[in-house]
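Visitor: Have a look at this one before I ask anything.
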Amino acid sequence: MKLLAITTSEKSSLWIFGYGSLVWKPDFKYKRSKVGYIEGYSRRFWHGDNFHRGDKDMPGRVVTLVEDHDACTWGVAYEVTDSQMEESLQYLNVREAVLGGYVTKMVEFTPREKCQGSLLALVYIATSDNPIYLGPATPTEIAAQIAICRGNTGHNIEYLLRLAEFMRLYCPEVEDDHLFSIEAAALALVI
């Protein structure tokens, strides 16, 4: 993986956009973070996870981004600088690319604070040609799979509930129908 950097006043920095577990558990060092969104993508529980939230026999479901010109996806961008950059990218390359099957892209990130301009951020996206990509299903089917799966990091339902909690706390005005319909269906199964 190439180290991508954005030069800002004599220092190198890189922004990394998270829209799944990275919103609550980045697990890498960063200088600062900003809540905001990227346009042109929808967050979908269409990617399989056979390590963190599932296993080889019962893969869990985690989010990826799918191109959708009319949509935007909310999450968190983290700025990593200088010495943090190489360590953070090595960690994320294992967590997202090697174990998760994601590829990287540079996207335009718009912070929630209106006085701040947009910036370029690195994002990890699972594509449909990945062997563990599961693709579309109904919210009920996705919820049923999430409700029973567990991986090395924990239960798949924890991933779903933490993502929904992030959206309610940090983006309360945003309606994420895909996420919230799966959450409702999963809670109906386990309560």
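Visitor: Among the listed pairs 29/105; 29/56; 25/105, which have their C-alpha atoms separated by more than 27 angstrom in this model?
Guide: 29/56
Visitor: So, for the chain, what is the accessible surface per residue at a probe of 1.4 Å, expressed in square angstrom?
Guide: Heavy-atom accessible area per residue stands at 51 Å².
Visitor: Where does the longest stretch of the chain lie that holds no GluC sites (Glu not before Pro) found in a DSSP loop with 14 or fewer other Cβ atoms within 10 Å? Walk me through the numbers on the way to the answer.
Guide: Numbers: sites that count: 10, 113, 173, 175.
Here the longest segment lacking exposed loop sites spans 11-112.
Visitor: Work from the charge dipole of the stretch 38-127 (Cβ charges, +1 for Lys and Arg, -1 for Asp and Glu, about the Cα centre) and give the residue of 94, 63, 40 farthest towards its positive end.
Guide: 63
Visitor: Rounded to the nearest percent, how much of the accessible area of the stretch 9-190 (1.4 Å probe, protein heavy atoms only) is carbon and sulfur?
Guide: Values: 4490 of 8810 Å².
So the carbon and sulfur contribution to the accessible surface is 51 percent.
Visitor: Same structure again: Output the relative contact order of the chain, whole-number percent, from Cα pairs under 8 angstrom with separation of 6+ residues.
Guide: Taking the mean separation of contacting Cα pairs over the length of the chain, I get 27 percent.
Visitor: Additional query: So what's the net charge close to residue 76: Lys and Arg +1, Asp and Glu -1, counting the other residues with Cβ under 15 Å from its Cβ?
Guide: With Lys, Arg at +1 and Asp, Glu at -1, the net is +3.
Visitor: Also: What is the dipole size for the chain, taken about its Cα centre, with +1 at each Lys and Arg Cβ and -1 at each Asp and Glu Cβ, in debye to the nearest 20?
Guide: 440 debye
Visitor: Just subtract the alpha-carbon distance of residue 158 and residue 39 from 0.36 nm times their residue separation and send over the number in nm, one decimal.
Guide: Difference between extended and current length: 40.2 nm.
Visitor: Please report the net charge: other residues with Cβ closer than 14 Å to the Cβ of residue 180, K and R +1, D and E -1.
Guide: Net local charge, residue 180 excluded: -2.
Visitor: While we're looking at this one, here's another question. Using DSSP, restrict attention to beta bridges with both residues in the stretch 9-190 and report what percent are antiparallel, rounded to the nearest 5. Numbers along the way, then the final one.
Guide: Details: 35 of 37 bridges.
Of the beta bridges lying entirely in the stretch 9-190, close to 95 percent run antiparallel.
Visitor: Bin by bin, in steps of 5 Å, what percent of the Cα pairs in the chain do you find, going until the bin that has the longest distance?
Guide: Each 5 Å bin holds this share of Cα pairs: 1, 8, 17, 21, 21, 16, 10, 5, 2, 1, 0.
The values are calculated or read from the model by the stated rules, or taken from the named source; none is laboratory data. As the structure is a computational prediction, the values presented were derived from the model and not from experiment. All Cβ positions, glycine included, derive from the backbone under ideal geometry; neighbour counts span all protein chains shown. Side chains are part of the model used for accessible areas, which takes the heavy atoms of the whole protein and leaves out ligands, DNA and RNA. Shrake-Rupley method; radii C 1.70, N 1.55, O 1.52, S 1.80 Å.
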